[in-house]
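Peer 1: Below: one structure in structure tokens.
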């Protein structure tokens, strides 16, 4: 689901990655493994570029898809916006192919560099999101270098929504926005959330289990539109602030 004007956002660079947290055996993954699991096509398999495949770390590229695996993490990434839904499908396919795989957490991360009309617009976003009055007299020409916000999950899952906003180093003038949609893959145990208790639980502190891997499949299948909508709303809000809308 996309807001009516989402396509009009002045996005210059964008990427997405899905992070699976759990015990992995890096050496078992390869372009051939993904091809045999029918998660990539023959053309992508033939264009594969392997950086390293070892007991400790694996990294390779297959056209639009970048795969990296460590002992406690697997990351699937793409910078091709039209492939974002396929990235989700690849993550689901990996988990379905690994019937005994355990997970303890899931992260869906999206990064964008948004072009704004002027440096004044860039500073306006920083001034609204982080007022400078408290710094009067103690910090000259205060400006935002990096702003990191937490938000409680709105869907009943344990975890957190993390947002980072800072001046873009790739687009001038521009703003970099990063969204981390983190789920611990179980329902939240906090009924009456406040800022005093909503973030008490340490992220990723739960036990890994096969049940959580099944929850990750369901989450990616059923909550994808909500994640994307949340992303558009956050970037839209930052852009509107910058442009004084």
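Peer 1: Could you run through region 69-85 and say how many residues are without any contact (Cβ under 8 Å) to a residue 24 or more places away in the chain and in contact with a strand residue (DSSP E or B) (Cβ under 8 Å, 6 or more places away or on another chain)?
Peer 2: Count: 1.
Peer 1: Let me ask you something else. Restricting to region 14-38, what's the tally of residues that are within 21 Å of the chain's Cα centre (by Cα) and either closer than 20 Å to residue 88 by Cβ or at pLDDT below 95 (or both)?
Peer 2: The qualifying residues number 10.
Peer 1: What are the residue pairs meeting all of these: first residue in region 198-225, first residue loosely packed, with under 15 Cβ neighbours inside 10 Å, second residue in a loop (DSSP other than H, G, I, E, B) and modelled with pLDDT under 85, Cβ atoms under 6 Å, and 6 or more apart or on different chains?
Peer 2: Pairs found: 225/1.
Each row is one residue, and each column tells you yes or no for (1) buried (at least 19 other Cβ atoms within 10 Å of the Cβ); (2) in a strand (DSSP E or B); (3) at positive phi; (4) in contact (Cβ under 8 Å) with a residue 12 or more places away in the chain.
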| residue | (1), (2), (3), (4) |
| --- | --- |
| 88 | yes, no, no, yes |
| 93 | no, no, no, yes |
| 110 | yes, yes, no, yes |
| 142 | no, no, no, no |
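Peer 1: Given the criteria under 18 Å from residue 237 (Cβ atoms), modelled with pLDDT of 90 or more and either in a strand (DSSP E or B) or under 20 Å from the mean Cα position of the chain (by Cα) (or both), does residue 165 qualify?
Peer 2: yes
Peer 1: Inspect all residues belonging to region 43-56 and state whether any of them is surrounded by 20 or more Cβ atoms within 10 Å (Cβ to Cβ) and within 23 Å of residue 25 (Cβ to Cβ).
Peer 2: Within region 43-56, not a single residue is surrounded by 20 or more Cβ atoms within 10 Å (Cβ to Cβ) and within 23 Å of residue 25 (Cβ to Cβ).
Peer 1: Determine if region 185-192 includes at least one residue that is assigned to a strand (DSSP E or B), more than 16 Å from the chain's Cα centre (by Cα), modelled with pLDDT under 85 and surrounded by 12 or more Cβ atoms within 10 Å (Cβ to Cβ).
Peer 2: yes
Peer 1: Still on this structure: Assess whether residue 99 counts as being modelled with pLDDT under 95, closer than 14 Å to residue 216 by Cβ and either outside any strand (DSSP E or B) or touching a helix residue (DSSP H, G or I) at 6+ places or on another chain (Cβ under 9 Å) (or both).
Peer 2: Against the criterion (modelled with pLDDT under 95, closer than 14 Å to residue 216 by Cβ and either outside any strand (DSSP E or B) or touching a helix residue (DSSP H, G or I) at 6+ places or on another chain (Cβ under 9 Å) (or both)), residue 99 qualifies.
The values are calculated or read from the model by the stated rules, or taken from the named source; none is laboratory data. None of the values given here were measured: they were computed from a predicted structure. We place every Cβ from the backbone using ideal geometry, glycine too, and count neighbours over all the protein chains shown.
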